[in-house]
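**Student:** Before anything else, here's the structure in question.
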Amino acid sequence: MPCAYRGMKVVDMYLAGLQIHEHSGKQSQHCSGGTRRKLSFAMAMVGGPCVVLMDEPSTGMDPRSKRFLWDTILASFQGTRGAILTTHSMEEADALCSRVGIMVKGELRCIGSTQHLKNLYGAGYTLEMKLRGGDRTPTTPSSDRHADLKEFVAGLFPDATLEESFADRLVFSVPQHAVTSLAECFSQLEKAKSELDIEEYSFSQTTLEQVFLKFAHYDEVNGD
């Protein structure tokens, strides 16, 4: 009986974690599509298989259930166990996968670790800055503020290019070779925040979604 008891504990863990305990007495045909998807994941995992194939496992799940699913996948597939997962969510792929393959129109375009793909196909970093507005808008004309901000970015990242400019928000693309020290970058950005009246900024590495869009755009431009 100890084995049966442990089995029931595992089942209860999935029922609680996926928030489907209230449906435990129902037949699956009487459950919603989202509940059946959660049930499918639990059934696939409960036996502790060495390999699991997952197709869009978190689609339609609420945030809490999705987090439980992600945590379970990360904790379960280590060492000799593995999973093959298909997803349209680049966030999910980045969070869960040790190796990622990107497919466009049914063709595998690249494969590797997420960091490898970002380094190889990414544009480096994205710097987004928003000038202060509203009641605290300074008397300096907007065009002059933009010019001052562009001059600052050009001095900090000589090869940076302006990708987007709308109202008080500017977005720059910064090549990877232009960043020698992240600590120094953030130090200079924090200093400029008050000097140039910047309300907020973000400095982030190329995302997997941007890598995917790059391949998709290339496919559209070149066609078949």
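Since every read-out is calculated from the coordinates, none of them should be taken as a lab result. In this text the structure is predicted, and so the values were computed from the model without any measurement. Positions of Cβ are backbone-derived with ideal geometry, glycine not excepted, and every protein chain shown enters the neighbour counts.
**Student:** What full-extension length gain, to one decimal in nm, is calculated for A95 and R132 as 0.36 nm per residue of separation minus the Cα-Cα distance? Could you put the intermediate results ahead of the total?
**Tutor:** Numbers: separation 37, 0.36 × 37 = 13.32 nm, distance 3.32 nm.
Between A95 and R132, full extension yields an extra 10.0 nm.
**Student:** Next question, about the same structure. What is the antiparallel percent of DSSP beta bridges lying wholly in the chain, to the nearest 5? Numbers along the way, then the final one.
**Tutor:** On the way: 23 of 28 bridges.
So the antiparallel bridges amount to about 80 percent of the total.
**Student:** Averaging sequence separations of C-alpha pairs under 8 Å and six or more residues apart, then dividing by the length of the chain, give the relative contact order as a whole percent.
**Tutor:** Numbers: 227 pairs, mean separation 40.6, N = 224.
After rounding, I find 18 percent.
**Student:** For the stretch 123-205, max minus min Cα coordinate along each principal axis, in Å, sorted largest first?
**Tutor:** Taking max minus min along each principal axis of the Cα atoms, the stretch 123-205 gives 37, 23, 18 Å.
**Student:** I'm spelling it out carefully: the read-out is semi-axes √(5λ) of the Cα gyration tensor in Å, the candidates are (i) 34, 19, 16; (ii) 28, 21, 18; (iii) 45, 22, 17, and one was derived from this structure. Which label?
**Tutor:** After the calculation, the listed value that fits is (iii).
**Student:** Near the amide H of E163, under 5 Å away, which other amide H atoms are found, from residues 5 or more places off or on another chain, if H is placed in the peptide plane?
**Tutor:** V171, F172, S173
**Student:** Okay, next question. Would you compute, for the Cα atoms of the stretch 70-200, the largest minus smallest coordinate along each principal axis and list the three values in descending order, in whole Å?
**Tutor:** 62, 32, 29
**Student:** Given a cut-off of under 8 Å on Cα pairs at least six residues apart, what relative contact order in percent is computed for the stretch 2-86?
**Tutor:** 32
**Student:** Also: Taking 8 Å as the Cα distance limit and 6 or more residues as the minimum spacing, I'd like the relative contact order of the stretch 123-205 as a percentage.
**Tutor:** On the way: 110 pairs, mean separation 42.5, N = 83.
The value is 51 percent.
**Student:** Setting aside same-chain residues fewer than 8 positions from K105, which lysines have a Cα under 16 Å from its Cα?
**Tutor:** Those lysines meeting the cut-off are K214.
**Student:** At what distance in angstrom do the alpha carbon centres of the stretch 27-53 and the stretch 159-209 lie from each other?
**Tutor:** 44
**Student:** Multiply the residue gap between A216 and L120 by 0.36 nm, knock off their C-alpha separation, and tell me the result in nm, one decimal place.
**Tutor:** Numbers: separation 96, 0.36 × 96 = 34.56 nm, distance 1.60 nm.
Result for the pair: 33.0 nm of gain on full extension.
**Student:** So how do H21, H177 line up by other beta-carbon neighbours within 10 Å, fewest first?
**Tutor:** Values: H21 12, H177 8.
Ordered by Cβ neighbours within 10 Å, fewest first: H177, H21.
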